[in-house]
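A quick write-up on the structure given underneath.
The values are calculated or read from the model by the stated rules, or taken from the named source; none is laboratory data. Worth saying up front: this structure is predicted, and the values here are computed from it rather than measured. Every residue, glycine as well, gets a Cβ built from its backbone with ideal geometry; the counts of neighbours run over all protein chains shown. Accessible surface areas use protein heavy atoms only, side chains included; no ligands, DNA or RNA. Shrake-Rupley method; radii C 1.70, N 1.55, O 1.52, S 1.80 Å.
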Amino acid sequence: MSDRKCARTLVQSAERDLRALRGMSDHEAFADEIAGFHAQHAAEKLLKAWLAIDGQVFPLTHNLGTLLDVLRDHEPDADRFRGLIALNPFAVQFRYEAITGDAEPLDREGLARSIQRLLERVREALGEPAES
């Protein structure tokens, strides 16, 4: 699969995760662990797509910090998405255990906006128009 085709496939998959996150506004029906999983996966897929567009082989990792570190070498503006690293525990850890303690509820709308900005940046790198 070509780098651009791989990137488009990842973008389409990330868009599905972002739509799922947006549909999970009911905190009673959808636990933060579930919403966070979709948010983390959307961000992960978009970062991997961005790396593919740049012709880089992306590491097989769920760690958003690692992906951003690799990306930063060629795309300095990738650092503006470092806040998404907070989603790392949702990739694996919170799939198998509940969030404990007095954790603040996820700001799902804020996460969706951040991921939307990343999506728009990746589409720009693909040379495609931004959509919502």
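Alpha carbon centre of the stretch 18-33 versus the stretch 103-131: separation in Å?
Each part's Cα centre sits 16 Å from the other's.
State the extension gain, in nm to one decimal, for the chain segment bounded by Arg4 and Asp54, taking 0.36 nm per residue of separation less the distance between their alpha-carbons.
Working: separation 50, 0.36 × 50 = 18.00 nm, distance 0.90 nm.
Here the segment from Arg4 to Asp54 would lengthen by 17.1 nm.
Would you kindly state how much longer the chain becomes between Ala125 and Thr100 on full extension, computed as 0.36 nm times their sequence separation minus their alpha carbon distance, in nm to one decimal?
Contour length minus Cα-Cα distance gives 5.1 nm.
For an R0 of 30 angstrom, estimate the FRET efficiency from the Cβ-Cβ distance between Ala31 and Asn63 and round to the nearest 0.05.
Calculated value: 0.85.
Quick test of the membrane-span-like rule: which DSSP H helices of the chain reach at least 27 Å along their long axis (C-alpha atoms) with mean Kyte hydropathy at least -0.5?
Details: long enough: 3-22 (28 Å, -0.92); 32-53 (31 Å, 0.20).
Span-like helices in the chain: 32-53.
At a 1.4 Å probe, what is the % contribution of carbon and sulfur to the accessible area of the stretch 1-120?
On the way: 3290 of 6410 Å².
Taking all protein chains in place, the stretch 1-120 shows 51 percent carbon and sulfur surface.
Please calculate how many Å² of accessible area the chain carries per residue, with a 1.4 Å probe and no DNA, RNA or ligand atoms counted.
I get 54 Å² per residue for this part.
In the chain, which longest range has no GluC sites (Glu not before Pro) that are both DSSP loop (not H, G, I, E or B) and surrounded by at most 10 other Cβ atoms within 10 Å?
By the stated rule (loop sites, at most 10 other Cβ atoms within 10 Å), 29-96.
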